[in-house]
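Asker: I have a structure I would like to understand better, so I am pasting it below and will then ask my questions one at a time.
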Amino acid sequence: EAFPEHHRAELYEMDTDGDGYLDATEILHAIKVLNESKRQSKRTMRIALAVLAFSILLLLAMCGGMVVVINATKEVKVNDNNELLANHGSDGSSKIRVASADFDLVGGV
């Protein structure tokens with residue numbers, strides 16, 4: 001009766017022999033259960049963090065792989081001299097000739 005109602009249920013759970021009293025064995029058992037629960041919680045947290053880290057690494061690897069594939073399959077690329085090159089696969093590449101980008105507006109429009 002000395003404990004509030006919401007704590008009594010927990011105390012009754014710790015009273016494993018049902019005599020209405022908590023002896024040293026029951027208190028030690030409750031402490032062991034509490035410590036094991038804390039260890040299990042830490043283990044679960046470590047596993048969750050490991051899965052999260054692995055998922056992030058996997059996502060980064062997939063993004064990197066996509067960049068490599070996209071760059072490898074491009075049909076057109078620009079070299080260091082800003083020349084447009086057509087990619088011919090293993091045959092190499094050749095310059096692409098384009099018309100001049102210089103133009104005049106007719107009629108000032």
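The values are calculated or read from the model by the stated rules, or taken from the named source; none is laboratory data. No experiment lies behind these values; they were computed from the predicted model shown. Here the Cβ is made from the backbone with ideal geometry for all residues, glycine too, and neighbour counts use every protein chain on show. Note: accessible area is taken over every heavy atom of the protein model, side chains too, but ligands, DNA and RNA are not part of it. Shrake-Rupley method; radii C 1.70, N 1.55, O 1.52, S 1.80 Å.
Asker: When the residues of the stretch 42-87 are filtered to those that are among the polar types (S, T, N, Q) and surrounded by 10 or more Cβ atoms within 10 Å (Cβ to Cβ), which remaining residue is farthest from V98 (Cα to Cα)? Spell out how you get there, then give the answer.
Answerer: Taking the stretch 42-87 first, the residues among the polar types (S, T, N, Q) are 44, 55, 71, 73, 79, 81-82, 87.
From what's left, surrounded by 10 or more Cβ atoms within 10 Å (Cβ to Cβ): 44, 55, 79, 87.
On the way: T44: 62, S55: 46, N79: 15, N87: 16 Å.
Looking at residues that are among the polar types (S, T, N, Q) and surrounded by 10 or more Cβ atoms within 10 Å (Cβ to Cβ), I get T44.
Asker: Looking at the stretch 38-67, which of its residues are modelled with pLDDT under 95 and under 29 Å from E10 (Cα atoms)?
Answerer: Of everything in the stretch 38-67, nothing turns out to be modelled with pLDDT under 95 and under 29 Å from E10 (Cα atoms).
Asker: Which residue is nearest to the chain's Cα centre (by Cα), if the candidates are limited to the stretch 1-16 and must be open to solvent by 90 Å² or more (accessible area, probe 1.4 Å) and acidic (D, E)? Let's see the steps before the verdict.
Answerer: Applying the first criterion (open to solvent by 90 Å² or more (accessible area, probe 1.4 Å)) to the stretch 1-16 yields 1-3, 5-6, 10, 12-13, 16.
So of that shortlist, the ones also acidic (D, E) come out as 1, 5, 10, 13.
Working: E1: 50, E5: 44, E10: 38, E13: 40 Å.
Result: E10.
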